[in-house]
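One structure below.
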Amino acid sequence: MENINIGIVKSLISSKLGESYLNNDSIDETNGLASKFFDVIKDSPILQLELKVFENLEKKNIENDIIATRYIDNNVKLFEKFSFEELKKEHEKLKRFVDEKKLKVAREKNLLFESINNLILQSVCECDDVDIDVVHESFEIVLNHIKEPKKQIVESVDTGDLNDSVIEIAINKFNKKYESLAEEDKSLLKTLIESSLDEKKVLLESYKEKSLEKLNNVETEGIENKINESIEKINTIIFNPETINDDIINLHELNKALI
């Protein structure tokens with residue numbers, strides 16, 4: 001696939017995740033593939049920028065032609081500091097994630113992603129034979145997409161930007177797996193799934209305050225050392241995106257035990 005781009009690769013990985021959750025097949029393998037994809041992104045400033053620009057142009061809704069045109073231009077101009085060769089080199093890192101025999105991307109999405117990619121590549125191309133027709137057609141496709149009303153989605157879900165169907169499948173499987181949990185536990189887990197990192201940070205501090213308050217008011221009866229150790233441990237808990245869910249769940253369980 002010569003015209004590989006980050007939008008198509010991301011869409012393919014999301015589709016694979018959806019199929020894995022739906023069929024309960026190769027989930028670990030697909031999750032590993034997704035992790036490797038985002039590791040590659042993290043190590044490449046160009047791919048980080050490209051992912052951001054693709055998301056901007058895919059999700060933005062601007063009805064005014066002039067403002068929408070300016071928005072597209074401003075996004076594309078972000079690549080002016082890079083060369084055509086640098087972009088192509090980074091795109092080579094994405095080929096490992098594409099199986100052309102199983103290439104399943106909706107035609108509309110594929111057309112949008114290729115158009116965005118064309119605008120980016122043509123903007124950094126130093127050659128004299130820039131294809132004006134390709135640039136114009138690509139710009140029209142992106143412009144029309146931005147002017148179309150977008151379906152409102154929950155932006156707080158921190159899932160590496162999976163599509164809505166994948167999230168719904170994952171939540172349904174999650175609910176089935178944990179259907180025997182108490183309602184308060186289900187409510188917390190649902191909150192963790194749907195909350196942004198900022199919201200989880202607030203939730204963490206709330207649980208810390210509740211836990212400390214209960215520990216300070218509990219009957220010690222000879223277990224002062226244990227109480228003090230618990231208080232000290234809670235005070236050392238800081239916001240960490242990688243452990244935030246576990247930290248909140250642990251504090252939740254502690255709060256239930258202290259009732």
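Brief remarks follow.
- A protection proxy built from the mean count of other Cβ atoms within 10 Å ranks the segments 58-65, 42-49, most packed first, as 42-49, 58-65.
- Charge context of T243, other residues only, Cβ under 13 angstrom, K/R +1, D/E -1: -1
- Placing a label point 7 Å from the Cα of I227 along the Cα-to-Cβ direction, none of the residues of segment 238-256 has a backbone N under 11 Å of that point.
- Set K42/K109; K52/K109; K42/K93 screened for pairs whose C-alpha atoms are more than 19 Å apart: K42/K109
- Using θ = phi - 60° and Karplus 6.51 cos²θ - 1.76 cosθ + 1.60, couplings along segment 72-85 (whole Hz; Gly, Pro as x): 4, 4, 5, 5, 5, 5, 4, 8, 4, 7, 10, 9, 4, 5
- Stretching the chain fully between S35 and N64 yields a gain of 6.6 nm (0.36 nm per residue, less the alpha carbon separation).
- Packing-based ranking, highest mean first, of 132-138, 206-212 given that Cβ atoms within 10 Å are counted: 206-212, 132-138
Computed from the coordinates by the stated procedures, all read-outs in this text should not be read as laboratory data. These numbers were taken from a predicted model, which means no experiment stands behind them. Using ideal geometry, Cβ is built from the backbone for each residue, glycine included, and neighbour counts are taken over all protein chains shown.
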